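Following: one structure in structure tokens, then a few remarks.
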């Protein structure tokens, strides 16, 4: 039952994002905090994180962009380092910096 409510919550966030899906960046590289914080409350919820991630992946697929290693992208818990159920701007920035440092050698800079 718990998963049902999470699913319903995720659907409502996705529905609220539908107007902005076209505006999500399809280029590679990290997205800004403001893109993820769709309700502008100063933190990123798990629902916001996955809804924006899914919308960005859909935009990339629709644009015919290669999505190598998409399955290896970090999940919500990677960024939520204090495990309080939300991602702050500092947590997102630190996680994105860690990702960039740990990327395989030879990968170009984000465009």
Quick one: which residue in 29, 85 is exposed (fewer than 15 other Cβ atoms within 10 Å of the Cβ) and in contact with a strand residue (DSSP E or B) (Cβ under 8 Å, 6 or more places away or on another chain)? 85
What number of residues in the stretch 43-82 are over 22 Å from residue 103 (Cα atoms), in contact (Cβ under 8 Å) with a residue 12 or more places away in the chain and surrounded by fewer than 18 Cβ atoms within 10 Å (Cβ to Cβ)? 3
Can residue 22 be described as part of a helix (DSSP H, G or I), out of contact with any strand residue (DSSP E or B) (no Cβ under 9 Å at 6 or more places or on another chain) and at pLDDT 75 or above? no
Which residues, taken from the stretch 61-111, are in a helix (DSSP H, G or I), modelled with pLDDT under 85 and touching a helix residue (DSSP H, G or I) at 6+ places or on another chain (Cβ under 8 Å)? 70
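The values are calculated or read from the model by the stated rules, or taken from the named source; none is laboratory data. Not measured: the values here are computed from a predicted model. Cβ sites come from the backbone with ideal geometry, for glycine too, and all protein chains shown count toward neighbours.
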